[in-house]
Amino acid sequence: VTRVCLSLLACLSLASVAAADDAVRTPNFVVHAPNREVAVLVGKQAEAARKTQAMQWLGYEMRPWKRPCDLHVKLAPGLAEGVTTTRFDGDWVFRHDMEIKGARERFPSVLAHELTHTVLAHALGKPVPRWADEGAAVLSEEKSVTDRLDGVFEQMLKKRGQIVPLQRLFTMTDYPDDRAGFYAQASSVTRFLLERKDRVTFVAFLRTADGKGWDIALRKHYDIRRVSELEKAWLADQRGRAEKRISAEGSKP
Ligand SMILES: [Zn+2]
């Protein structure tokens with residue numbers, strides 16, 4: 001099974017990589033970058049993100065990967081994109097490939113996103129439900145990214161019919177046309193659950209859901225009886241939050 005995870009607004013094609021190649025090897029990555037200095041920098045950042053995200057979502061570090069992850073880096077001012085391709089063999093991760101594109105100051109945030117995908121793939125040993133995979137990855141990024149998506153979601157709350165029912169969101173295996181809306185909703189639901197319990201619990205919830213379904217997993221880890229109950233509580237919470245923000249803005253001098 002091959003699973004491709006795209007970060008926000010990444011293009012769907014896996015663009016070819018510049019021929020000039022100063023590959024740098026770290027314990028888990030082979031970094032291909034326009035020059036050696038960038039390759040060394042990104043190698044360090046990728047190893048750090050791999051460790052940080054594993055500690056956050058698993059509570060322990062992943063073992064070194066048997067096959068290093070090829071990480072292709074492109075400098076592109078104004079962008080912050082990434083693509084991770086994960087190949088599974090049976091119930092374990094065979095290998096990852098990664099491509100990131102952006103201004104260098106955005107690399108830590110993009111890497112946090114992409115490495116979160118690798119950690120969740122490791123935890124489940126199979127493709128992770130899309131909403132949870134992207135929701136978790138987005139919430140690992142810097143605040144400017146989540147703030148922007150919160151704005152998108154606030155607009156969705158105002159319009160009828162833009163929000164995908166959770167029962168459907170939870171079974172989506174591919175990206176819908178409205179990619180920004182999907183990331184905004186996925187991260188909103190994920191954050192609602194993360195505010196109740198920690199990240200390790202969220203991963204345990206995904207594992208339970210994989211074998212026993214969403215309702216049983218919600219009951220076991222969050223004391224929520226079923227998806228429809230989660231939907232109600234989540235929407236009420238999000239509407240309350242949006243109202244608070246609007247009234248706070250209204251009272252500014
Ligand atoms: Zn992603």
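If you wrap the tightest convex hull around every Cα atom of segment 172-253 and split its volume per residue, you get 117 Å³. Pairs of Cα atoms nearer than 8 Å and 6+ residues apart set the relative contact order; for segment 120-253 it is 25 percent. For segment 111-253, the orientation-averaged shadow of the C-alpha convex hull comes to 8.9 nm² (one quarter of the hull surface).
Working note: Karplus 6.51/-1.76/1.60 with θ = phi - 60° gives segment 80-88 the couplings 7, 9, x, 9, 10, 10, 10, 9, 9 Hz, where Gly and Pro are set to x.
Secondary structure note: in the chain, about 65% of the DSSP beta bridges are antiparallel. Using the alpha-carbon atoms, what tilt in degrees (0 to 90, nearest 10) does helix 227-250 show relative to the longest principal axis of the chain? It is inclined by approximately 90 degrees. When you restrict to C-alpha pairs under 8 Å that are six or more residues apart and normalise by the size of segment 23-106, the relative contact order lands at 27 percent.
Annotation: amide H of Val4 within the under-5 Å range of Thr86, sequence separation 5 or more or interchain, hydrogens built in the peptide plane. Inter-part distance, segment 196-232 to segment 85-119, computed on C-alpha centroids, equals 25 Å. Loop sites here are GluC sites (Glu not before Pro) outside DSSP states H, G, I, E and B with no more than 14 other Cβ atoms within 10 Å. The longest part of the chain free of them is 62-194.
With respect to the chain, whose longest principal axis is taken over its alpha-carbon atoms, helix 143-158 is tilted by about 40°.
Surface composition of the chain: carbon and sulfur make up 53 percent of the accessible area, probe 1.4 Å.
Rounded to whole numbers, the Karplus 3J(HN,Hα) couplings from phi for segment 181-188 are x, 5, 5, 5, 5, 4, 6, 5 Hz, using 6.51 cos²θ - 1.76 cosθ + 1.60 with θ = phi - 60°, and x at Gly and Pro. Angle check, please: helix 36-57 long axis (alpha carbons) against the longest principal axis of the chain (alpha carbons), in degrees 0 to 90, nearest 10. Helix 36-57 sits roughly 40 degrees off the main axis of the chain.
Using only the Cα atoms, work out Rg/Rh for segment 65-192, with Rh taken as the Kirkwood radius, to two decimals. Result for segment 65-192 is an Rg/Rh of 0.98.
Dividing the helix sum by the residues of the chain, where each DSSP H run of 4 or more adds -39500 (n - 2.57), gives a mean residue ellipticity at 222 nm of -17000 deg cm²/dmol.
Under the 0.36 nm per residue contour assumption, what length would be gained going from the current alpha-carbon distance of Arg25 and Arg226 to full extension?
67.7 nm
Taking amide H as placed 1.01 Å from N in the peptide plane, the amide H of Cys69 sits under 5 Å from that of Phe29, Val30, each at least 5 places away or on another chain. Summing charges over all other residues whose Cβ lies under 14 Å from the Cβ of Glu231, with Lys and Arg as +1 and Asp and Glu as -1, gives +2. Just want to confirm a number: the relative contact order over the chain, from Cα pairs under 8 angstrom separated by 6+ residues, in percent. Relative CO of the chain lands at 16 percent. Put simply, the amide H of Arg95, placed in the peptide plane, has neighbours under 5 Å in Arg87, leaving out anything fewer than 5 places away on its chain.
In a DSSP loop and with at most 12 other Cβ atoms within 10 Å, the trypsin sites (Lys or Arg not before Pro) in segment 22-87 are Lys66. The mean of 1/r over all pairs of different alpha-carbon atoms in the chain, once inverted, gives a Kirkwood hydrodynamic radius of 19.0 Å.
Restricting segment 136-193 to trypsin sites (Lys or Arg not before Pro) that sit in a DSSP loop and have at most 15 other Cβ atoms within 10 Å of their own Cβ leaves Lys159, Arg160.
Hey, could you get me the Stokes-Einstein D for segment 209-253, Kirkwood radius over alpha-carbon pairs, 25 °C and 0.890 mPa s, rounded to whole µm² s⁻¹?
My calculation gives 200 µm²/s for D.
With no solvent and one point on each alpha carbon, what is the Debye value of log10 I(q)/I(0) for segment 50-119 at q = 0.19, 0.22 Å⁻¹? Calculated log10 I(q)/I(0) at the listed q: -0.78, -0.97.
The values are calculated or read from the model by the stated rules, or taken from the named source; none is laboratory data. Small disclaimer: the values here were computed from a predicted structure and weren't measured. Cβ: placed from backbone, ideal geometry, glycine included. Neighbour counts: every protein chain shown. To get the accessible areas, we keep the full protein, side chains included, count just its heavy atoms, and leave off ligands, DNA and RNA. Shrake-Rupley method; radii C 1.70, N 1.55, O 1.52, S 1.80 Å.
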